[in-house]
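The values are calculated or read from the model by the stated rules, or taken from the named source; none is laboratory data. Because the structure is predicted, anything quoted here is derived from the model rather than measured. Here Cβ is always computed from backbone atoms with ideal geometry, including for glycine, and neighbour counts include all displayed protein chains.
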DNA sequence: TGTTCATGTAAACGGCTATTACATAAAAGC
DNA sequence: GCTTTTATGTAATAGCCGTTTACATGAACA
């Protein structure tokens, strides 16, 4: 009695790949119905198994979300790291690529991104598993990429004018997250804004970098009136 | 008020103030159990009424959240407006107050803030009511305060170097939201960071303003090495 | 006083999370 | 190969929640 038009062909009584399929289904549902309006039962339905089956792979609903967050942070870190590419060819161009990679991830995996960062809506007392994921090694690795970039940029400054690296990294993070959170999650806010998230973030970063003092004069004009 | 031990003493069969009490209870529960882990039934319990009672005041759960968002935006706009205070005594000091007011609101009303801005986690296809609140007049008024501030700051620049106002306003918004979202919602991310959200945002804004070119030289040192 | 309307309750339905007891088949030991 | 063990599925169930419907209460008003 196994499947006809189902999403994941059931070979036998045992599924064979249920865990990953459940994660995939959950990400899809989160994208559709919202990050915390998703239903474990519905994910099971999508995978073609009974509502109790997921509990063989995840302790509870929260554990599944935590796994989405954890694996999300891993891909996130990898993407950022690849984009930064050790600051090659130049710290500045690599930095730009880093910002774009950040936004790209948020756009391509909105479900993961929401679970990773919009945990304030989900938890505080509850949702400890997700919190744990947010301080997982993968999450730390992602932040380290930002910190590396900050370090490379600051290295161009005379030591006496160098702000704390962690602080600069946090600035970069808050700008990126601010843009991603406000502009990418559909419907959140700025829909009338005719600018792409990339344009907003890039211009913001340019002004910030100019303020830091790590911007060559050539790019001076970029941040001034182009669109009046 | 006329209570004894209960949260809201019932004078009679009719409650008299149920709508507001439900909103209050919901905000409390959201703060405790997470923005979307809250239960309408439990809010009703807190208010001392039956689970069906809320439906006399809100079409459904979403409508209650939308009302929290809407009223939240109103208080938010009022706070920002008061802090900005028309740029008095100086645009720069008023701007600093504005940033602090932003963070203060997020800290004092984390439930409201989460519902107002972390809608990506809640909705997209669903939760249209909340989306509507995010483009309500109140929300627009809040953004207008930011835009006023941006305008006042940019007025100090020669016209040829003036970036588009909306863009600067968006930059301010993304920085503020980034800090609020990452640092204020408990447990979200930076717990090991020994800096207050205010310190992060203020230093970030200073560098940004310096990049914009609207910072007097006196404050130059503030953004450089203080803590190594 | 009697009627109307706003606002409450009770009871019920279906969906969800999670648990428990049981079923099935793949792997491991003999 | 046959049996035992273990991993992974199902069925049935309990309890909570959202929401609806029919009914109850009492305040406002004619």
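Results, tabulated for the structure shown:
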quantity	calculated
Members of segment B:45-66 that are within 15 Å of DNA strand C (Cβ to nearest atom) and either within 14 Å of another protein chain (Cβ to nearest Cβ) or buried (at least 21 other Cβ atoms within 10 Å of the Cβ) (or both)	B:47, B:54, B:60, B:61, B:64
For residue A:81: the one exception among (1) under 16 Å from the mean Cα position of the chain (by Cα); (2) within 15 Å of DNA strand C (Cβ to nearest atom)	(2)
From A:185, A:131, A:156, residue being within 8 Å of another protein chain (Cβ to nearest Cβ), modelled with pLDDT under 95, farther than 20 Å from residue B:201 by Cβ and out of contact with any helix residue (DSSP H, G or I) (no Cβ under 6 Å at 6 or more places or on another chain)	A:131
Every residue from segment A:48-97 that is farther than 18 Å from residue A:111 by Cα, free of Cβ contacts under 8 Å to residues at least 60 places away in the same chain and touching a helix residue (DSSP H, G or I) at 6+ places or on another chain (Cβ under 7 Å)	A:49, A:50, A:51, A:53, A:54, A:57, A:58, A:83, A:85, A:88, A:94, A:97
Any chance residue B:99 is farther than 24 Å from residue B:16 by Cα, within 18 Å of the chain's Cα centre (by Cα) and within 16 Å of DNA strand C (Cβ to nearest atom)	no
Failed condition for residue B:70, given (1) in the same structural domain as residue B:131 (by TED's automatic domain parsing); (2) within 11 Å of DNA strand D (Cβ to nearest atom)	(2)
Segment B:12-41 - residue that is part of a helix (DSSP H, G or I), near DNA strand D (Cβ under 10 Å from one of its atoms) and surrounded by 16 or more Cβ atoms within 10 Å (Cβ to Cβ) and, of those, farthest from the chain's Cα centre (by Cα)	B:40
Filter result for residue A:226 (modelled with pLDDT under 95, facing another protein chain (nearest Cβ under 7 Å) and not in a helix (DSSP H, G or I))	no
